[in-house]
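Every number here is computed from the coordinates shown, using simple stated rules; none is lab data. Quick caveat, the model's predicted, so the values are computed rather than measured. Please note: Cβ atoms are built from the backbone with ideal geometry, for glycine as well, and neighbour counts cover all protein chains shown.
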Amino acid sequence: MGATFQARSFDLMDATELAREFKVFQHGECEQYGNDAYAGHLGIKDGLSVTAEKFESYGQAESWIEENNDKWGPAHAVKFIHQGPPEFPHTKADDELNRRYKALKHQIHEGFEQEVISRARKMKSKLYTCRKCGSKIATKFIKEIYCPVCSSGEFLYTPTDAKRVKAWLNKMETLRVRIEKRKVALKNSDKKNHRTYRWLIGGWCAS
Ligand SMILES: [Zn+2]
């Protein structure tokens, strides 16, 4: 059993947001590539350690993580300078678009999901049946929105919940498309040497 080094860059955001983004990313990886202890991808890392390290390039950031990460510990996040066209959000209008997108995301992930989790934990029945895979989960162990067996993000939703979330997600999707268009426009702008920080998250993954 060895270890494989994996890294992935993320937009600049605050540490709390980054931890949240990474968690969502991890669940996606596990759904796609499996979640056994030797799956060899970042999805199986035990949490995230956000450091204050900053580097001049992606390569330097990657080397630092390679030297400092333990295969059984959390993934490490460091900042590196990305040189190229400006990144979204760049203008005041971008900020506003970004703010609306994030507010909606917060409403779903921090507001609604937490509500659904605490509702499940307070149920009279001691067991909860996953709506996707049918596994029975002890309600006192429900701590997040993902099914501990199949990783489904909808396992606690009633049909009404699913409908509400779908409407929010549609709204979010509209904003996301607008954001994507702005990203493309910025990429094609003639300011090619703009310097911005990005996050690099990486680590050794047991394989
Ligand atoms: Zn399930």
*Where does the longest stretch of the chain lie that holds no chymotrypsin sites (Phe, Trp or Tyr not before Pro) found in a DSSP loop with 16 or fewer other Cβ atoms within 10 Å?*
73-207
*Value at 222 nm in deg cm²/dmol, rounded to 500, when DSSP H runs of n ≥ 4 in the chain each add -39,500 (n - 2.57)*: -13500 deg cm²/dmol
_Ignoring trypsin sites (Lys or Arg not before Pro) that are buried or in helix or strand per DSSP, and keeping those with at most 10 other beta carbon atoms within 10 Å, what is the longest stretch of the chain between them?_
1-121
*What is the set of long-range amide H partners of H82 at a cut-off below 5 Å, with H atoms built 1.01 Å from backbone N?*
T196, Y197, R198
*From the phi of every residue in segment 45-60, what ³J(HN,Hα) in whole Hz does the Karplus formula 6.51 cos²θ - 1.76 cosθ + 1.60 yield, where θ is phi - 60° and glycine or proline is x?*
5, 7, x, 9, 10, 8, 9, 9, 5, 10, 10, 6, 8, 4, x, 5
*Quick one: P(r) of segment 92-187 from all Cα-Cα pairs, 5 Å bins, percents rounded to integers, in order of increasing distance.*
3, 12, 20, 19, 14, 10, 9, 7, 4, 2, 0
_Interchain or long-range residues, amide H under 5 Å from Y128's placed H_ = I137, A138, T139
*Report the charge-dipole magnitude of the chain in Debye, nearest 20, computed about the Cα centre from +1 at each Lys and Arg Cβ and -1 at each Asp and Glu Cβ.*
1120
_For K171, give me every one of the lysines with a C-alpha distance below 29 angstrom, ignoring sequence neighbours fewer than eight places off in its own chain._
K23, K92, K102, K105, K132, K143, K163, K181, K183, K187
_Zero-based 10 Å bins, Cα pair distances in the chain, whole percents_ = 8, 27, 32, 25, 8, 1, 0
*Tell me, what ³J(HN,Hα) does each residue in segment 104-111 have, in order and in whole Hz, if you take phi through Karplus 6.51 cos²θ - 1.76 cosθ + 1.60 with θ = phi - 60° and put x for Gly and Pro?*
5, 4, 5, 4, 6, 7, 8, x
*Given H placed 1.01 Å from N in the peptide plane, which residues other than close sequence neighbours of S207 have an amide H under 5 Å from its amide H?*
G2, A3, T4
*Selected from A75, H27, N193, residue furthest toward positive end of dipole (the chain; charges at beta carbon)*: H27
*Each residue of segment 19-31 in order: what ³J(HN,Hα) in whole Hz does its phi give by Karplus 6.51 cos²θ - 1.76 cosθ + 1.60, θ = phi - 60°, with x for Gly and Pro?*
4, 5, 4, 5, 4, 4, 4, 4, 5, x, 4, 5, 5
